[in-house]
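Undergrad: Just dropping this structure here.
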Amino acid sequence: MKERTRRKIVIGALPIAMLWGAYNLFWNDDKSSPPPPTPEISIETAMASAEATAKAATPAVNDSIIERLAHTKWGSDPFVRQIKKSTRKADNQGKKLELILSGIVFSEKSPMAVINSRMVRVGDIVDGGKVIRIDPESVTVEINGKRKQLQVTKG
């Protein structure tokens, strides 16, 4: 910003600020008294009061949170919701679950694949099928003793 522009802004704002100050000083009828002094309280009394207030405010919520956190495994983040694993099974009406291969992340050491929206590795079981082999172009899955080769679906 140029010096000249800055001066114009300051000179323009100065009369407005002076009028505002005069209004608050002389014509404002809201003459409130200063707040009364607070009595001195010991730290122990203040801490006890704060703890009592916190316990009385939400005892059921605090107890349920403590119970939930007590059952989480060590090292897990207590603020992240735990995702339940899929437990879909074939219907009793003879319908077979379809295994859909969405993608393959291939590396020699640790190949992975995405089957039915789940990341799997060799040896994992997804919707009743065990992943036997992951190649760069396909995944071999064993279902009820039969091997099936899955190809990446388009779209």
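Undergrad: Please report the equivalent ellipsoid semi-axes of the stretch 101-151, computed as sqrt(5 x eigenvalue) of the Cα gyration tensor, largest first, in whole Å.
TA: Semi-axis lengths for the stretch 101-151 are 16, 11, 10 Å.
Undergrad: So, one more: If I model a spin label as a point 7 Å beyond the Cα along the Cα-Cβ vector, how far apart are those points for Glu108 and Asn144 in nm?
TA: Between Glu108 and Asn144, the label points sit 3.9 nm apart.
Undergrad: Hey, another quick one. To the nearest 20 debye, what charge dipole does the stretch 101-151 have about its Cα centre, counting +1 at the Cβ of each Lys and Arg and -1 at the Cβ of each Asp and Glu? Kindly include the intermediate steps, with their values, before the conclusion.
TA: Numbers: 8 positive and 6 negative charges, 29 e Å.
Around 140 debye, computed over the stretch 101-151.
Coordinate-derived values only; no laboratory data. If you're wondering where the values come from, they're calculated on a predicted model, not measured in any experiment. Every residue, glycine among them, receives a Cβ derived from its backbone with ideal geometry; neighbour counts consider all protein chains shown.
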